[in-house]
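Structure, as structure tokens:
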Amino acid sequence: MTMITFDHESVRCLECDEHHVFPPELLLYTSAETGKKPSYRDWNWATVLTNRIWCFQCEGPSYTERIPSQREFDLAFKFRSDPDLPRPDNLEDELLDIDDEQFHFLRKYLKVRHQKNSCICCGSESVRFLQTAMNRVVNFKHPLCGGILQFDRFFFLNGSGKKTIRWFSIQGEFVGQQNDYF
């Protein structure tokens, strides 16, 4: 059985206690080479890298697509190629945690792309990037009351149930949605 990890991110206002959940769907790129409808079970996909944002159109937290620079890919490749090379303490990067196939997929297709600063759910460019430190959003206050937002992230291992997958082309365009049970 394949080990599947899901994460769930949210922010909660420490002033008014309003709770907002980031979009729960899996966000995946489909390979351009298949020419058929994307499917999670084909294993011909890569995870969409994301930045956390507040979308003013969605009125809550969401994501934008994150396109690493060539320098980021090169640095990640260096650390991935030499596992004995000590990582700096503050280095957290999805490029270091994904499997080799996904890393090469992203490096191949994203190196010629530029980042779009639009909400991955609604396409709005009316967004604010969220910077976190010590589980707090440090550059943005809750629009409703001006309170501090607390960031929470939970991981589920081998979680099973219905899951929605939002598929994107390697150019970053939404191409469809799949509901699956795993």
Review point. Which of (1) surrounded by fewer than 19 Cβ atoms within 10 Å (Cβ to Cβ); (2) among the polar types (S, T, N, Q); (3) out of contact with any Phe, Trp or Tyr (no Cβ under 6 Å at 6 or more places or on another chain) is the odd one out, the single condition residue 50 does not satisfy?
Key: (3)
Point to revise | Which numbered condition residue 134 misses (of (1) free of Cβ contacts under 8 Å to residues at least 40 places away in the same chain; (2) open to solvent by less than 60 Å² (accessible area, probe 1.4 Å)) | key: (2)
Exercise for review: Identify all residues within segment 4-50 that are modelled with pLDDT under 90, on the phi > 0 side of the Ramachandran plot and of a type outside the set (Gly, Ala, Ser); write none if there are none.
Suggested key: 43
**Study point:** Hits in segment 76-112 - residues which are over 16 Å from the mean Cα position of the chain (by Cα), in a loop (DSSP other than H, G, I, E, B) and either farther than 25 Å from residue 42 by Cα or aliphatic (A, V, I, L, M) (or both)
**Key:** 82, 83, 84, 85, 86, 87, 88, 89, 90, 91, 112
Check your understanding: Would a scan of segment 55-75 turn up a residue that is open to solvent by less than 60 Å² (accessible area, probe 1.4 Å), modelled with pLDDT of 90 or more, assigned to a loop (DSSP other than H, G, I, E, B) and touching a strand residue (DSSP E or B) at 6+ places or on another chain (Cβ under 9 Å)?
Key -> yes
Practice item. Go through the residues of segment 101-121 one by one and say whether even a single one is farther than 22 Å from residue 173 by Cα, among the β-branched types (Val, Ile, Thr) and modelled with pLDDT of 90 or more. Key: no
Practice item. For segment 132-166, name all the residues that are at pLDDT below 90 and among the aromatic types (Phe, Trp, Tyr). Key: 154, 155, 156
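The values are calculated or read from the model by the stated rules, or taken from the named source; none is laboratory data. Here the structure is a predicted model, which is why all the values come from computation and not from measurement. When we count neighbours, we look across all protein chains shown, and the Cβ atoms used for this are built from the backbone with ideal geometry, even at glycine. Areas reflect the complete protein model, heavy atoms only, side chains present, ligands, DNA and RNA absent. Shrake-Rupley method; radii C 1.70, N 1.55, O 1.52, S 1.80 Å.
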